[in-house]
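**Q** Submitted below is the structure of interest, expressed as C-alpha cells.
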Amino acid sequence: MRILVLGGTSEAGALVRGLGPHPGFHVTLSLAGRTAAPAAEPVPTRIGGFGGAEGLARYLRDRAIDQLVDATHPFAARIGRNAAEAAAAAGVPLLAIRRPAWAMQPGDAWTEVDTVAACVGALGEAPRKVFLTVGRMEVAAFAAAPQHDYVVRTIEPLGDALPVPRLAAIRARGPFDAAAEEALMRAAGIAVLVTKNAGGAATYGKVAAARALGIPVVIVRRPWKPEVASVADAAAALERVLAAGRGHATLRGV
Ligand code: NAP
C-alpha cells in the first residue's frame, strides 16, 4: 500500500515511524522545505511544493498512491485545502490529523485575533516586553510596532526578519515543558505572550506558564480547513492506516 504523508509536524513524524515496522507499507513523507535541517525520519522524504492542488493530484495518480494523509500544521491552510481537492480529483482516500485547538482555562487572559497581523494592534501602543512565538515566516508584521521589546523564538535562524531596535532571538525546536517556559518568561521579564492556537502538547507549556505567571496572551485563531475524515492524533491515524492496509491486502488477495 502506497502512502503519502504531508508533514512538517511531530504527528507526521510519529506516524511514519509507527508505520516503519509494518511490512507492505511504502511510505513517502512530504515536506514543504521551510526548515534547512528537518528532523530525519526513516522513510523516503520528498521536499518542496507540488504545484497546487492539480500538481498534488498528478503526483497521487503518477505514483499510484493508495492513501493520502494530511498531517500538516493547523495553520498550514493552503496545503490542507489542496489535499482535499487533490484527493477528490484523483479518487484517493484522505485522512487528516486535526489536533484539537487549545481552549481557554480558568486563569487564562486571552485576546483572540484572526491573523498574526492583527496581533500587532492587540499589543497596544505602550511599550511591552513581548514573547513572540508565531514562527519566523510571520514575524515581519511586528516591525510595525518597534516600541516593544521582543524575545523571539524560532526553529530557523531569525536573521533580519524582524528589524526592531530591541530584540533577543532564541533558536529552539520543541517540545517545551511548562516549568522551563515559566523560568524563561520569568527571567526575561515577559509581559505578554503572542502565539498561534497550534493545539497539541508539544508547545502548550508556554500557555500554561503564562497562566501560572498571570501574563496575558494574544492568540491567533485557526484558519479554516476543509471538513474531511480526520483523527486527533498520530496514534489514531496509525490505527486507521493499518486497518486500511488490511483492507487493501484482502482486496489484492495478499
Ligand atoms: P501553506 O501555506 O498551507 O502551504 C503553502 C504551500 O507550501 C502549499 O501550497 C504547498 O505548495 C507547499 N506545502 C506546504 N506543506 C507542504 C508539504 N507538507 N509538502 C509539500 N509541499 C507543501 O503552509 P505553510 O503554513 O507555509 O507551512 C509549510 C509547512 O510547514 C507545512 O508542511 C506545515 O505542516 C509546516 N508548519 C507550518 C506551521 C505554520 O504555523 N504555518 C507551523 C509548523 C509547521 P504547492 O501548492 O506548490 O504544492
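**Q** Relative contact order for the chain using alpha-carbon pairs under 8 Å, separation at least 6, rounded to a whole percent? Walk me through the intermediate numbers first.
**A** Values: 470 pairs, mean separation 54.7, N = 254.
Answer for the chain is 22 percent.
**Q** May I pose another question? Placing +1 on the Cβ of each Lys and Arg and -1 on the Cβ of each Asp and Glu in the chain, which of Pro93, His22, Thr72 has its Cα farthest towards the positive end of the resulting dipole?
**A** In the chain, that residue is His22.
**Q** Let me ask something additional. Could you tell me the largest-minus-smallest coordinate of the C-alpha atoms of segment 110-220 on each of the three principal axes, in descending order and whole angstroms?
**A** Principal extents (Cα only, largest first): 31, 27, 27 Å.
**Q** Kindly express, to the nearest 10 degrees and within the range 0 to 90, the angle between helix 52-62's C-alpha long axis and the longest C-alpha principal axis of the chain.
**A** It works out to around 30 degrees.
**Q** Oh, and also: Tell me what the chain gives for mean residue ellipticity at 222 nm when only DSSP H runs of n ≥ 4 count, each as -39,500 (n - 2.57), the sum divided by the residue total, rounded to 500 deg cm²/dmol.
**A** Values: 7 runs with 80 residues, N = 254.
Using -39500 (n - 2.57) per qualifying helix, the result is -9500 deg cm²/dmol.
**Q** Along the charge dipole of segment 120-254, pointing to its positive end and built from +1/-1 on Cβ of Lys, Arg, Asp and Glu, which listed residue (Ala249, Leu167, Pro226) has its Cα farthest out?
**A** Positive-end residue among those listed: Ala249.
**Q** Turning to a different aspect of this structure: Report the calculated FRET efficiency for Ala201 and Ala89 (r = Cβ-Cβ distance, R0 = 35 Å), to the nearest 0.05. Present the calculation step by step, with values, prior to reporting the outcome.
**A** Details: r = 35 Å, r/R0 = 0.99.
The calculated FRET efficiency here is 0.50.
**Q** Taking a label point 7 Å from the Cα of Arg78 along the Cα→Cβ vector, which residues of segment 50-65 have an amide N closer than 20 Å to it?
**A** Zone members listed by number: 50-60.
**Q** For the chain, give the magnitude of the charge dipole about the Cα centre (Cβ charges: +1 Lys/Arg, -1 Asp/Glu; no others), in debye to the nearest 20. Intermediate results must be reported in sequence, preceding the final value.
**A** Numbers: 28 positive and 21 negative charges, 72 e Å.
Once rounded to the nearest 20, the dipole reads 340 debye.
**Q** Could you give the dipole magnitude of segment 1-108 about its Cα centre, charging the beta-carbon of Lys and Arg +1 and that of Asp and Glu -1, in debye to the nearest 20? Kindly include the intermediate steps, with their values, before the conclusion.
**A** On the way: 11 positive and 8 negative charges, 32 e Å.
Dipole about the Cα centre, nearest 20: 160 debye.
**Q** Right, another one. I need the Kirkwood Rh of segment 181-254: take the reciprocal of the average 1/r across all distinct C-alpha pairs and report it in angstrom. Walk me through the numbers before you get to the answer.
**A** Values: mean 1/r = 0.0635 Å⁻¹.
That comes to 15.8 Å for segment 181-254.
**Q** Right, next: Which semi-axes, in whole Å and largest first, does the equivalent ellipsoid of the chain have when worked out from the alpha carbon gyration tensor as the square roots of 5 times its eigenvalues?
**A** On the way: eigenvalues 281, 66, 52 Å².
Equivalent ellipsoid of the chain: 37, 18, 16 Å, largest first.
**Q** Related question: Relative contact order (percent) for segment 16-167, with alpha-carbon contacts under 8 angstrom and 6 or more residues of separation?
**A** On the way: 167 pairs, mean separation 22.4, N = 152.
Answer for segment 16-167 is 15 percent.
**Q** Still on this structure: Points 7 angstrom from Cα along the Cβ direction at Ala101 and Ile47: gap in nanometres?
**A** The answer from the label model is 3.3 nm.
**Q** At 0.36 nm per residue, minus the direct Cα-Cα distance, what do Arg128 and Thr111 gain on full extension? Give it in nm, one decimal, please.
**A** On the way: separation 17, 0.36 × 17 = 6.12 nm, distance 1.54 nm.
Extra length available between Arg128 and Thr111 comes to 4.6 nm.
**Q** His26 to Asp160: extension gain in nm, 0.36 nm per residue of separation minus the Cα-Cα distance?
**A** Details: separation 134, 0.36 × 134 = 48.24 nm, distance 4.07 nm.
Here the segment from His26 to Asp160 would lengthen by 44.2 nm.
**Q** Among Arg166, Arg81, Arg98, which comes first, second and so on when ranked by fewest other beta-carbon atoms within 10 Å?
**A** Details: Arg166 13, Arg81 17, Arg98 21.
Ordered by Cβ neighbours within 10 Å, fewest first: Arg166, Arg81, Arg98.
**Q** Suppose every Lys and Arg Cβ carries +1 and every Asp and Glu Cβ carries -1, with no other charges. What dipole size does segment 110-220 come out with about its Cα centre, to the nearest 20 debye? Please list the in-between numbers first.
**A** Details: 11 positive and 10 negative charges, 48 e Å.
The calculated dipole for segment 110-220 is roughly 220 debye.
**Q** For the charge dipole of segment 110-220, defined by +1 on Lys and Arg C-beta atoms and -1 on Asp and Glu C-beta atoms about the Cα centroid, which residue among Met185, Ala141, Phe131 has the Cα displaced farthest towards the positive pole?
**A** Result: Met185.
**Q** In nm, to one decimal, how far is the modelled label at Met137 from the one at Ile170, with both set 7 Å along Cα→Cβ?
**A** 2.3
All of the numbers you see were taken from the coordinates with simple rules; none came from a lab. This structure is a prediction, so every number in the text was calculated from the model and none was measured. Here the Cβ is made from the backbone with ideal geometry for all residues, glycine too, and neighbour counts use every protein chain on show.
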